[in-house]
1. Give the residues of segment 1-56 that are among the basic types (Lys, Arg) and either without any contact (Cβ under 8 Å) to a residue 24 or more places away in the chain or not in a helix (DSSP H, G or I) (or both), sorted by residue number.
2. Only one of Glu48, Glu33 is more than 17 Å from the chain's Cα centre (by Cα), modelled with pLDDT under 95 and in the same structural domain as Ile99 (by TED's automatic domain parsing). Can you tell me which?
3. Residue check: is Leu286 more than 24 Å from the chain's Cα centre (by Cα) and of a type in the set (A, V, I, L, M)?
4. Look at segment 33-65 and say how many of its residues are touching a Pro at 6+ places or on another chain (Cβ under 7 Å), small (Gly, Ala, Ser) and buried (at least 21 other Cβ atoms within 10 Å of the Cβ).
5. Given the conditions (1) among the aromatic types (Phe, Trp, Tyr); (2) in a strand (DSSP E or B); (3) under 19 Å from the mean Cα position of the chain (by Cα), report the number of the one that Phe188 does not fulfil.
6. Given Glu62, Glu129, which one is modelled with pLDDT of 95 or more and either farther than 21 Å from Lys231 by Cα or in a helix (DSSP H, G or I) (or both)?
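The values are calculated or read from the model by the stated rules, or taken from the named source; none is laboratory data. The structure presented is a predicted model; accordingly, all values stated were derived computationally and were not measured. Here the Cβ is made from the backbone with ideal geometry for all residues, glycine too, and neighbour counts use every protein chain on show.
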Amino acid sequence: MDLELSEEQQLLKDSVNGLLARRYPDVVKTRAEMAKEAGGYSSVSWKEWADQGLLAIPFSEEDGGLGQGPVEMMLVGQAIGRTLALEPFLATVVLGGGILRHAASAAQRQRLVPEIAAGNLTLALAHQEKQSRFDLFDVATTAKPDGSGGYVLEGEKMVVLNGDSAAKLIVSARTSGDRRAKDGIGLFLVDAKAPGVSIRGYATQDGSRAADISLSSVKVGKDDVLGDPGKALAALERTADEAIAFLAADAVGAMEVLHEATLEYAKTRKQFGQTIGSFQVIQHRLVDMFTALEQARSIALYGSMMAGEDDTTERRRAVHAVKVQIGKSARLIGQDAIQLHGGIGMTSEYKAGHYFKRLTMIELAFGNTDHHLRALVRLGGLIEASKPAA
């Protein structure tokens, strides 16, 4: 397998890294300033993302996108992780865009994708509920036919990423079956300002934005029903797998910065008349961090390549393994970075704690390390053990 970036991919990497470096010259200060903006990010910056084609990357050319693949998405994810960028790329392009690619009709995609690519439309995927934990199929929100081809939604969604700034919501709701049945789930496009939609936004632990959303007799027309209203789980699961692969790249970017910052600090911080990096025990810790980073980098690349796998079992096996290794690496690198920085690592004025918070949020997203480890064990591991010959 050729792991070298093509000329076009290298140009994309340089472009997105340059854009975010200009927008986030001082991560802590810039994030604090952007958090004061409406929606928690800069609309000017979001327009720049659109102008550089970043919002069109995963969509087909027929739908108004660039038709690029998982490696390009990985490069954007790493750049976001390195700067802790607040723009709603995950919510709009990865999650919302993923649902459109896997569930929406051609007419719906051609109507919505150009608006996303131009930076005019932001989305939020409202799927999580207070009882569902990490189970995408655990849906209590209901969607009842209104007799005209549309539906009426009732229910509540929790921790909807960028849900307080999205123009439209993609809501999962049950059209039939029990709360935990895997059939009978639909996806519906809802205007965030539609009658009956109530949104309570708040900042998350890592400085991003989320919202709890209440739906009371919310009407959805037939043109805003995404795919088969009873068979949406497959699209949800595939989108979540792609999001996990993207977040793995995001985590690698954050881990790179933490390792770099800790290494530089060890070279300059003095104790007992010499730099702490000269102590063997500190050197061992830095090597452990580097090893964990390289393991994370490798599994993130693997996850990006496997996110497009059509074999559901093999894709899920890969995604579980990615989440396990990313979680382990993030914990080791984050904790060691804070410890080796000492007191300054805990302050809000220094960047280390902000990166560790981001890694902690990534570890919890779409299932924590323990959840995915159990799932991977049930599938027989990343490489299923061969059965003994009869």
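1. Arg22, Lys29, Lys36
2. Exactly one of Glu48, Glu33 is more than 17 Å from the chain's Cα centre (by Cα), modelled with pLDDT under 95 and in the same structural domain as Ile99 (by TED's automatic domain parsing), namely Glu33.
3. So Leu286 fits the description; yes.
4. Going through segment 33-65 one residue at a time, the tally reaches 1.
5. (3)
6. Working: Glu129 fails: either farther than 21 Å from Lys231 by Cα or in a helix (DSSP H, G or I) (or both).
On inspection, the qualifying residue turns out to be Glu62.
Results for (1) of a type outside the set (D, E, K, R); (2) closer than 18 Å to Ile185 by Cβ; (3) not in a loop (DSSP other than H, G, I, E, B), shown as yes or no for each residue.
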residue	(1), (2), (3)
Asp206	no, no, no
Asp223	no, no, yes
Ala248	yes, no, yes
Gly253	yes, no, yes
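Residues are listed down the side, and each one gets a yes or a no for (1) without any contact (Cβ under 8 Å) to a residue 24 or more places away in the chain; (2) of a type in the set (Gly, Ala, Ser); (3) under 23 Å from Ala234 (Cβ atoms):
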{"residue": "Ala117", "(1), (2), (3)": "no, yes, no"}
{"residue": "Leu123", "(1), (2), (3)": "no, no, yes"}
{"residue": "Ala126", "(1), (2), (3)": "no, yes, yes"}
{"residue": "Ala143", "(1), (2), (3)": "no, yes, yes"}
{"residue": "Ser148", "(1), (2), (3)": "no, yes, no"}
{"residue": "Lys157", "(1), (2), (3)": "no, no, yes"}
{"residue": "Asn162", "(1), (2), (3)": "no, no, no"}
